[in-house]
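A quick write-up on the structure given underneath.
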Amino acid sequence: MKSNKTILLLSILVLTSCQRNQSTFPPKEFKYPKLFNSQILDSIQSTPFEAKRISEVFPIFIGKFKYQDSIDVNPLNIDSTQINNFIQNDLQNDWLDSLDINGLELLIDPNTSVPFSKSYNFGGSPRDYFPVYFVNSTNKDKVFYGKDGHVFGIQEAKEKRNQWHPIEVKGYDFCGNGRWAMIIHPQEFVVVLMQKYQGDYETEIRSRFKIGENIFVSKPYEGSIFKSQFSLPDSSYLLRTREHWNKDPSNWYFYGAHLKEYED
């Protein structure tokens, strides 16, 4: 009888030890998945973006996924059950404040072109995007923020003096509703699509995101733009409100990036 109790006690200790090890064991390694869009026929050719001025953008939020090998970015096929992880009301609460974004890893795949068009079903032509991933490779839940169907981010490029300046600006949004938070569990990641440009000026580009109160900046990647993309368009709402500026608006509109005209 005493021997049986000893065996039972040892079994409990081993099981407890295994459970403890499982909770702290690092998740399996994230690998870039293959992205495709079943909404767009292979015979349809997508094209990169061309811009002659700074572009207003709304980086596309595709969704949240568990580690996997391939993802269909067709908006009609996205798993709707992920909505259970959205927090759309009362974003300022103690429970949400207990989560953070520290540990989320920003990874980009600029050599991949993903065809996408929000208006494809209405005759819109697909354009080229590249994927951005926010990966939770930790063993704790993290939080991610966005609004409606987009996240807060832009691209910036290096001009001839090796200074970084934005080629995109936060899109004008007249409505303050629609902000949300999403729980990112361990071994899960968020997929975002960013516009892929072409132009006659080859340079380094990087992506810049504002997630909550934190700024993420990606590693540089090679790309091409037009030099005029460093300038604001004449019709920009930023120019129309310039008389109200009392300082460089970078932190609000460009997530910490600095307009080229402030360096000239």
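The values are calculated or read from the model by the stated rules, or taken from the named source; none is laboratory data. These figures come from a predicted structure and were not determined experimentally. We place every Cβ from the backbone using ideal geometry, glycine too, and count neighbours over all the protein chains shown.
Every residue, every condition in (1) touching a strand residue (DSSP E or B) at 6+ places or on another chain (Cβ under 6 Å); (2) surrounded by fewer than 19 Cβ atoms within 10 Å (Cβ to Cβ); (3) free of Cβ contacts under 8 Å to residues at least 60 places away in the same chain; (4) not hydroxyl-bearing (Ser, Thr, Tyr), yes or no:
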{"site": "PHE134", "(1), (2), (3), (4)": "yes, no, no, yes"}
{"site": "THR138", "(1), (2), (3), (4)": "no, yes, no, no"}
{"site": "GLU156", "(1), (2), (3), (4)": "yes, no, no, yes"}
{"site": "GLN195", "(1), (2), (3), (4)": "yes, no, no, yes"}
{"site": "ARG208", "(1), (2), (3), (4)": "yes, no, yes, yes"}
{"site": "PHE216", "(1), (2), (3), (4)": "yes, yes, no, yes"}
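Looking at SER250, SER228, SER236 in this structure, which one is among the hydroxyl-bearing types (Ser, Thr, Tyr) and modelled with pLDDT of 85 or more?
Testing whether each residue is among the hydroxyl-bearing types (Ser, Thr, Tyr) and modelled with pLDDT of 85 or more leaves just SER228.
Report, by residue number, each residue of the range 181-201 that is of a type outside the set (S, T, N, Q) and either modelled with pLDDT under 95 or over 13 Å from the mean Cα position of the chain (by Cα) (or both).
ALA181, MET182, ILE183, ILE184, HIS185, PRO186, GLU188, LYS196, TYR197, GLY199, ASP200, TYR201
Residue by residue, here is whether (1) touching a residue at least 24 places away in the same chain (Cβ under 8 Å); (2) hydrophobic (A, V, I, L, M, F, W, C); (3) at positive phi holds:
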site: PHE130; (1), (2), (3): yes, yes, no
site: LYS147; (1), (2), (3): yes, no, no
site: TRP164; (1), (2), (3): yes, yes, no
site: GLY178; (1), (2), (3): yes, no, yes
site: ALA181; (1), (2), (3): yes, yes, no
